[in-house]
1. Using a Förster distance of 41 Å, how high is the FRET efficiency between TYR140 and LEU289, based on the Cβ-Cβ distance and rounded to 0.05?
2. Have a look at LEU150, LEU36, ALA123 and report the one farthest towards the positive end of the charge dipole of the chain, computed about the Cα centre with Cβ charges (Lys/Arg +1, Asp/Glu -1).
3. Work out the P(r) tail for the chain: percent of alpha carbon pairs separated by more than 37 Å, whole number.
4. Just subtract the alpha-carbon distance of LEU22 and ALA229 from 0.36 nm times their residue separation and send over the number in nm, one decimal.
5. At 0.36 nm per residue, and after removing the present C-alpha to C-alpha distance, how many nm does the segment from LYS2 to GLU263 gain when stretched out fully?
6. Can you give the charge dipole size of the chain about its Cα centre, rounded to the nearest 20 debye, using +1 on the beta carbon of Lys and Arg and -1 on the beta carbon of Asp and Glu?
7. How large is the dipole of the range 204-289 about the Cα centre if only Lys and Arg carry +1 and Asp and Glu carry -1, each at its Cβ, rounded to the nearest 20 debye?
8. Would you mind estimating how fast the range 223-287 diffuses translationally, via Stokes-Einstein at 4 °C and 1.567 mPa s with the Kirkwood radius over Cα pairs, in µm²/s?
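Values in this text are rule-based calculations from the coordinates and carry no lab data. From a predicted model like this one, the values you see are computed outputs, not experimental measurements. Here Cβ is always computed from backbone atoms with ideal geometry, including for glycine, and neighbour counts include all displayed protein chains.
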Amino acid sequence: MKKIDLHLHLSFDPVPKSDTLLVSTYKEMLPHLEELGIGKGVLMSSGERNFSMPMGSNEENCRIAAADPEHYAWMCNLDYDGDPKTVYDRLSVCKEKGAVGIGELMINRRLDDPFLNAVFEAAGKLNLPVTFHMSPETGYSYGVVDDPGLPLLEACLKRHPHTQFLGHSQTFWIEMSADAPTDKESRNQWGKGPVIPGGRVPELFKKYPNLYGDLSANSAGCAIMRDPAFGLEFLETYADRLFFATDMVNTEMVFPLGQWLDEQAANGALSRRAYEKICFKNAQTVFGL
């Protein structure tokens, strides 16, 4: 069984090349996915409109999944308008069109914002898991905002026990270790060095069964591989709640965690049970893929 990649950003039609971002179409990406042993990818959404990123609005992702359902599924997203009353209906429409989750949620508001809480409440009722990108500060970087130690995320996990939250980005995964930094610049970095036990991410995973992990990009890759013994134990302990993902935008991208997982399973350091759950079975079970 090939991997399911829970985090891709692609376009339907070719995007003009820029100096900052090369975007591949869903057709261009297929040989690259095959090369990486990925059988299906889940597209992240940039929102209801397509003004913030050159690819991946709800409509565009829906078109891709309809054109090639064998290889692609999609998540939806909402644009922030400050009106919590409309959230459930807007998400309901997305689910009716085939969205399997909400993501990548990156509204740059604190996690206790009423609009975001409406999203989380509706997500639980609609059974739409939420993949969020986290930022250390409002106005500093894109993503939902929490303080050092993730107190607002914990409050959300308590308040919305039926909502499945998938953590993603540097500011989330840097909290793997108890010595996680507190300044905004360092919180937006990849983790390095041995993991000090007592980090908030492992603590929240232990306390809240509705917290899951998106293992994409170097933020998650470093969180797992920076301390291989700790990383392997984390993978085994929470194998039911972790998802292989890449965060690829084009065919030139390769993130090292995928090959590392293959190697650890091949040499017996990672159990076949954990490997299969992380690489495809969890996506099948939780997202119905």
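1. Values: r = 34 Å, r/R0 = 0.83.
Calculated transfer efficiency: 0.75.
2. Going by the charge dipole, the pick is ALA123.
3. 7 percent
4. Stretched out fully, the LEU22 to ALA229 stretch lengthens by 71.0 nm.
5. 92.5 nm
6. Roughly 700 debye, rounded to the nearest 20.
7. Value, rounded to 20: 360 debye.
8. Stokes-Einstein gives a translational diffusion coefficient of 105 µm²/s.
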